[in-house]
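Derivation of every value follows stated rules applied to the coordinates shown; laboratory data play no part. Just so you know, these numbers come straight off a predicted model, no measurement behind them. Ideal geometry is used to build each Cβ from the backbone, glycine not excepted, and the neighbour counts take in all protein chains shown.
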Amino acid sequence: MGLMPAIVILRVKNPGREATRLLKLIESELGVGAQAQTAGYVPIALDTMEPARARKAIEDVLDASGVEWREHLELRT
């Protein structure tokens, strides 16, 4: 049985230019889709990583952005 995809959920807290830029950064850096769905939730599937590693990869990208990303996005588990 193979590894199940790790799903990391973000919520857009403050819609706008910065949130959009951060989601596009996640897409380009990790090669995933990061599009807001119903109620601003953004499910991100990283099928090559365990859940803790997937969450850390997303946090690393956001931390390196130079933006106070927690003002715009919230990591959910």
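Overall form of segment 1-46: oblate. Here a/c, set by the Cα gyration tensor axes a ≥ b ≥ c, is 1.5 or more, and a/b is not larger than b/c. Is it possible to state the helix-based mean residue ellipticity at 222 nm for the chain, with each DSSP H run of 4+ residues giving -39500 (n - 2.57), the sum divided by total residues, to the nearest 500 deg cm²/dmol? What is it? For the chain, the value works out to -11000 deg cm²/dmol. Put simply, the amide H of Met49, placed in the peptide plane, has neighbours under 5 Å in Ala6, leaving out anything fewer than 5 places away on its chain. The length gained on full extension between Arg76 and Thr48, counted as 0.36 nm times the residue separation minus their Cα-Cα distance, comes to 8.1 nm. Comparing the chain with the 2.2 N^0.38 Å rule of thumb, its C-alpha radius of gyration ratio is 1.03 (two decimals).
Summarising the amide proton neighbourhood of Leu10: residues at separation of 5 or more, or on other chains, whose placed amide H is nearer than 5 Å comprise Val42, Ile44, Arg76. The charge dipole of segment 6-77, taken about its Cα centre with unit charges on the Cβ atoms of Lys, Arg (+1), Asp and Glu (-1) only, comes to about 200 debye. For segment 6-76, what does the relative contact order come out to in percent, with C-alpha contacts under 8 Å and a separation of six or more? Relative contact order comes out at 51 percent.
Taking label points 7 Å from Cα along the Cα-to-Cβ direction, Asp60 and Glu27 give a separation of 2.2 nm.
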